[in-house]
Amino acid sequence: MLDRQLTASATAPADAATASTLTPLLAVEDLHVQFDTSRGVVHAVDGISYTVDRGEVVAIVGESGCGKSVSSLAIMGLLSKPAGRVTKGRVLFEGRDLLKLSAEEMREIRGRDISMIFQEPMTSLNPVLSIGEQIMEPLFIHLKMTEGQANARALELLQLVGITDGERRLEQYPHQLSGGMRQRVMIAIGLACNPKLIIADEPTTALDVTIQAQILELMKDLSRRLNIALIIITHNLGVVARYADRVNVMYAAHIIEHGTADDIFLRPLHPYTIGLMRSVPRLDLPRGIKLETIEGLPPDLRAPPPGCRFAPRCPYRLDACVATDVTLRDLAPGHASACIRADEIVAGALVQAAPPAKSAETAVTIESAEPIVKVEALRKYFSVPLSGSGVFSSKVATVKAVDGVSFTIAPGETLGLVGESGCGKTTVGRTVLKLEEPTDGAIRFAGVDITHRTSKQMRELRRGIQVIFQDPYSSLNPRMTVGQIIGEPLHVYKLVNSKKEQEERVAGLLRQVGLFDYMAERYPHQLSGGQRQRVGIARALALEPRFIVCDEPVSALDVSIQGQIMNLLEDLQSRLNLSYLFIAHDLAVVRHISDRVAVMYLGRIAEIADRDALYADPKHPYTKALLDAAPIPDPRVERARAPRALKGEIPSPLNPPSGCVFHTRCPIAEDVCRREVPQVRQIGPRHIVACHKA
Amino acid sequence: MLRYTLHRLLQMIPTLIGVAVLVFFMLRVIPGDVVEVKLRGDGGTVSQEVIEQERKRLGLDKPLIYQFADYMYGLATLDLGISMWTERPVTEEISLRLEISLQVAIMATIFAVMLAIPLGTTAALMRGTWVDYVVRIVTIGGLSIPSFWFGMLIMMGLLYFWNWLPPITFTPIYVDPVANLTQLIWPAMAVGYRYCAVVARMIRSSLLEVLNEDYIRTARAKGVFEKVVISRHALRNALLPAITVIGMEFAFLIGGLVVTEQVFNLNGIGKLFVQSVARSDFTLIQGMVMMLAVFYVFVNLVVDLLYAVFDPRIRYG
């Protein structure tokens, strides 16, 4: 690496200087990408243009299917062949058109001048090659390093990305590392040859919020120090606000607005951008009663509508919007919008400022009411076989997935349950549903102890307890129609007497969740993600439950759809007096929907409080860290916040730390934290915390 | 690894005991025994007295439980006994035939694997082109054509084009390699076609799957040469499921080639199997079943160990 840096700076300092002032590092011009599918040609990217300067962080934001990932794969020459192809346009990298290069010339650029970091750290590393082999590979190929040089460089890279015991890590295989570690390795691979540009495609989407903050901080820092330009592709507006210099907003294969981060967040000039901003629940603003949403769905890219593609969903639509082709227009230096009414938006005549969020009802306080769900000292232990166990004795380790969790939920109340992956929040949900047998503790539903009920005895009670799952793609049986899926519980519990009655009930349920009766005939794959989640909700409602466990019900959905589903859940709650256990990892989502919030860490409750108390005045250092780590979609707020990423990884639940499980990552831990398990203490009205120092 | 191997070897014991019990009692359920077949033949008349005498000599008059204990004791001391028909040791009878069957199986495996890897890989890489279609047609042929019939075609072809037939007497390879190979290469090809087809299709589909994996995209994004992407990143992962298929097919070839052995007039395990069942030669059948069971379990173990060699997730699981 050193060789390359030296030669580069020695031979062409003048060239580089002039080149950098004249041309941007990367210029994408009128790029078109098409995909052949069995159901027609999809115009995945339809004439986008943008530039990236040296050392700059550019974000491409948009919802799934808008073409943001496809356009970056096209830049890299990595479109899946033969289905995908670039039909038009140029991609100029330092003045050379990448699309005109031969496969071999393009290969030389990949990994050396431009590298890419992918979304899924779990699957993006080769399982049968060691970490060392994978990091050193580009060094051998592009820089012709010897074994010794490559090894030294690999160690240097691991240090750079914050992996300390590099020697040992190089020998390890991907499955032996955590998700965050793997993403660091991916970044190390991306940095290996000192590229000029790194494209990061949703680099932190699969990671927990505290790990996400670490990784993003690292990438931004490296980009500044090594003067590497960065393209961040993401759907997370908070990430954009914290890290991007400039932002391109994509919708349905077009770039519909671009500008600096401040432009986009503070002075958005396209109705879609405005809608997107408003449909995200925010941690820094008072909670509104309802999320604003963008109604409808993005267009089908096989036959996109004429004119402005957002027009069908746009509240400010004119006839002219669909009659004329729209193009990006500069409205201020460096700030362009594709809306024909952008001038009106600039003038402030068109779009009302976001309604002053009514600091709304404070959470319902139903202390006197008999709780509908009462969980006391719940424990759920799993046995996992240890590797290397003996011949006839198999050694078993115990994972304390849930270790003494207590909470209550009142009728009509929503309890939010937050925590990072592996903290046991989903296990709590499954145990309350009696899908898992509790190891210890008690679960009461409507006053009845259901802890040790067999599934047969649960049958009648199960009507009152339902569940909505995270993944609307895999939780609906693909061989059943929507009508069969929703009708099945009615049939099982003999709540309907005839087929006709069942159909009527299904139609009613569909309408209740904002779908149409005719959708009963469809199969899940014919619906969009948001529609599928609505079907999941309708199925849960079929038995007229009183309590629903919502396990990450919106985390697989796009921002604009997420808002619709959350509004629906709130709506149903107030109409049907439902209680929710709302499990999620997104603090802003939980804040929006919950009356009270419980924070979990490694199987234990860290803190439970009324929503407003918890967010305004968190007592547990873990709650504080979570709130600090969550990015907020406002660049002003983000600039004012010091990066205070929580250090370290979540410890393995196989071998949890002694005393307070959080002490290994806690900034204020003392001796007592290492020795003694903190008791859950009441520190305010309805506010409990498990911390020695709170 | 050693510990694991030992563990697995010990786990073989209950499996083998189960097989032993099953084969012993299932044979006893079949009406008739070796004495009747031997003495009465096709409708000859022999006095009941002679039959009883012969039964007594072979120990078939003893109570079933006694015979069973005797048999299990023999197994425990690795003594398979003597054949009730030829009255030579079972191990001797088997080892004669095993030499042929094992050689055919090994040759077929080499033939199949050497052909299947390039065929499967090319088909996957050229998916949807005429090359892919040719490979798919050829391999579906391999799956649908019975190997004995393909063997007959080979023989007819040799006769028709060269007016020559392979030798029909077996010469061990260490005596005369040329004579040995000219005889055994044809049956190896006949069964190898099917074998190759199964493996090639497996490699094609698993390679197609692997090529869609995220880590292949990562490798390309690193600027790895396409050749290396295929050989180092993709094939190493794609071969894993093929190893299982290769192991299972190999184990099947020992003892599974009943008809093909007839076509090529090979005195292999399959032929011996049919013979000894027709003769109700209990000891020999039991010995062969046990041998095959050991073989199957052993091949399985080798497959699992190979997995561990190729896949670190199993090595350090």
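FYI, it's all coordinate maths here, none of it is from the lab. All values derive from a computational prediction rather than experimental measurement. So basically every Cβ, Gly included, is an ideal-geometry build from the backbone, and we count neighbours across all protein chains shown.
Based on Cβ point charges of +1 for Lys and Arg and -1 for Asp and Glu, what charge dipole magnitude is obtained for region B:2-76 about its Cα centre, in debye rounded to the nearest 20?
Dipole size: approximately 460 debye.
Largest first and in whole Å, what are the equivalent-ellipsoid semi-axes of region A:35-131 based on the Cα gyration tensor, each being the root of 5 times an eigenvalue? Don't skip to the answer; put the middle values down first.
Working: eigenvalues 91, 78, 52 Å².
Its equivalent ellipsoid spans semi-axes of 21, 20, 16 Å.
Would you mind computing, in nm to one decimal, how far apart the modelled labels at A:Arg329 and B:Asp176 are, each placed 7 Å from Cα along Cα→Cβ?
9.6 nm
Scale the Cα Rg of chain A by the rule-of-thumb value 2.2 N^0.38 Å and send over the ratio, two decimals.
Working: Rg = 26.7 Å, N = 694, 2.2 N^0.38 = 26.4 Å.
Cα-based Rg divided by the globular estimate yields 1.01.
Given just the C-alpha atoms of region A:566-694, how large is their convex hull per residue in cubic angstrom? It would help to have the intermediate numbers written out before the result.
On the way: hull volume 16.6 nm³, N = 129.
Hull volume over Cα atoms, normalised by residue count, gives 129 Å³.
Along the charge dipole of the protein assembly as shown, pointing to its positive end and built from +1/-1 on Cβ of Lys, Arg, Asp and Glu, which listed residue (B:Asn300, B:Trp164, A:Ile485) has its Cα farthest out?
Towards the positive end, the residue furthest out is A:Ile485.
Taking only DSSP H segments of four or more residues, each worth -39500 (n - 2.57), what value at 222 nm results for chain A once the sum is divided by all its residues, to the nearest 500 deg cm²/dmol?
-10000 deg cm²/dmol
Report the antiparallel proportion of the DSSP beta bridges in chain A as a percent, rounded to a multiple of 5.
Values: 60 of 97 bridges.
If I count the DSSP bridges inside chain A, around 60 percent turn out antiparallel.
Could you tell me the distance between the Cα centroids of region A:460-490 and region B:26-74, to the nearest Å?
63 Å
Given C-alpha coordinates of region A:399-524, what is the ratio Rg to Rh with the Kirkwood estimate of Rh? Show your work: numbers first, answer last.
Values: Rg = 17.3 Å, Rh = 17.1 Å.
When Rh is taken as the Kirkwood radius, the ratio is 1.01.
Within region B:209-286, which chymotrypsin sites (Phe, Trp or Tyr not before Pro) sit in a loop by DSSP and count at most 15 neighbouring Cβ atoms inside 10 Å?
Working: sites: B:Tyr215, B:Phe225, B:Phe250, B:Phe252, B:Phe264, B:Phe273, B:Phe282; in loops: B:Phe225, B:Phe264.
For chymotrypsin sites (Phe, Trp or Tyr not before Pro) across region B:209-286 that sit outside H, G, I, E and B with at most 15 neighbouring Cβ atoms in 10 Å, the list reads B:Phe225.
Can you sort B:Trp162, B:Trp149 from fewest to most other Cβ atoms within 10 Å of each residue's own Cβ?
Ranking B:Trp162, B:Trp149 by Cβ neighbours within 10 Å, fewest first, gives B:Trp162, B:Trp149.
What is the distance in Å between the Cα centres of region A:590-605 and region A:27-60?
Taking the Cα centre of region A:27-60 as reference, the centre of region A:590-605 is 40 Å away.
What whole-number distance in Å separates the alpha-carbon centres of region A:606-668 and region A:199-239?
Here the answer is 19 Å between Cα centres.
Would you please name the trypsin sites (Lys or Arg not before Pro) within region A:44-149 that are DSSP coil residues with at most 11 other C-beta atoms within 10 Å of their C-beta? Write down the numbers at each step before the final one.
On the way: sites: A:Arg54, A:Lys68, A:Arg85, A:Lys88, A:Arg90, A:Arg96, A:Lys100, A:Arg107, A:Arg110, A:Arg112, A:Lys144; in loops: A:Arg54, A:Arg112, A:Lys144.
Here the sparse-neighbourhood loop sites are A:Lys144.
Within 10 Å of each Cβ in A:119-129, how many Cβ atoms from other chains are there, averaged over the peptide? Show your work: numbers first, answer last.
Values: counts 1, 3, 1, 1, 5, 8, 4, 12, 8, 12, 7.
Averaged over the peptide's residues, the number is 6.
Give me Rg/Rg_expected for region A:211-251, where Rg uses Cα atoms only and Rg_expected = 2.2 N^0.38 Å with N residues. Write down the numbers at each step before the final one.
Numbers: Rg = 10.5 Å, N = 41, 2.2 N^0.38 = 9.0 Å.
The reported ratio for this selection is 1.17.
Greater than 20 Å separation of Cα atoms is the criterion. Which listed pairs, A:Lys100/A:Lys144; A:Lys196/B:Lys222; A:Lys619/A:Lys693; A:Lys374/A:Lys434; A:Lys400/A:Lys434; A:Lys624/A:Lys693, meet it?
Working: A:Lys100/A:Lys144 26 Å; A:Lys196/B:Lys222 14 Å; A:Lys619/A:Lys693 9 Å; A:Lys374/A:Lys434 14 Å; A:Lys400/A:Lys434 17 Å; A:Lys624/A:Lys693 13 Å.
In this structure, A:Lys100/A:Lys144 exceed 20 Å between Cα atoms.
At q = 0.15 Å⁻¹, what log₁₀ I(q)/I(0) does a Debye calculation on the Cα points of region B:90-310 give, no solvent, two decimals?
Normalising to I(0) and taking log10 leaves -1.02.
With the dipole of region B:2-76 worked out from charges on the C-beta (+1 for Lys and Arg, -1 for Asp and Glu) around the Cα centre, which of B:Leu75, B:Val46, B:Leu60 lies farthest toward the positive end?
Comparing the listed Cα positions along the dipole, B:Leu75 ranks first.
So, with +1 on the Cβ of K and R and -1 on the Cβ of D and E, and no other charges, what is the size of the charge dipole of chain A about its Cα centre, to the nearest 20 debye?
Details: 80 positive and 79 negative charges, 268 e Å.
Dipole magnitude for chain A comes out near 1280 debye.
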